[in-house]
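The values are calculated or read from the model by the stated rules, or taken from the named source; none is laboratory data. Since we're looking at a predicted model, the values are computed, not measured. Counting neighbours? That spans all protein chains shown, and the Cβs are built from the backbone with ideal geometry, glycine included.
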């Protein structure tokens, strides 16, 4: 299998800098031997299992972080909340199935 890719060469970048213009990528041909094709076996459930495991871990992490924030907001010291509502830490949003799909 032959793939064509666009890349910037060092020579192209230096010439473009000297001429004060944008560099233009050149075509690079690469030969690749594929011994197995991703997702060629339709009955293979490995991707769905990996995605399910990752999704479960992401939900558990999100629940743990939200529980920590909730406990901090509900904790009281001297009749006042332990942390101000503006001091709530950032929580990374849950991103499901990303790495499992990359492995496909």
Selection within region 45-66 - loosely packed, with under 13 Cβ neighbours inside 10 Å and over 26 Å from residue 88 (Cα atoms): 45, 46, 48, 49, 53
Residue satisfying condition, being part of a helix (DSSP H, G or I) and at pLDDT below 90, within set 36, 48: 48
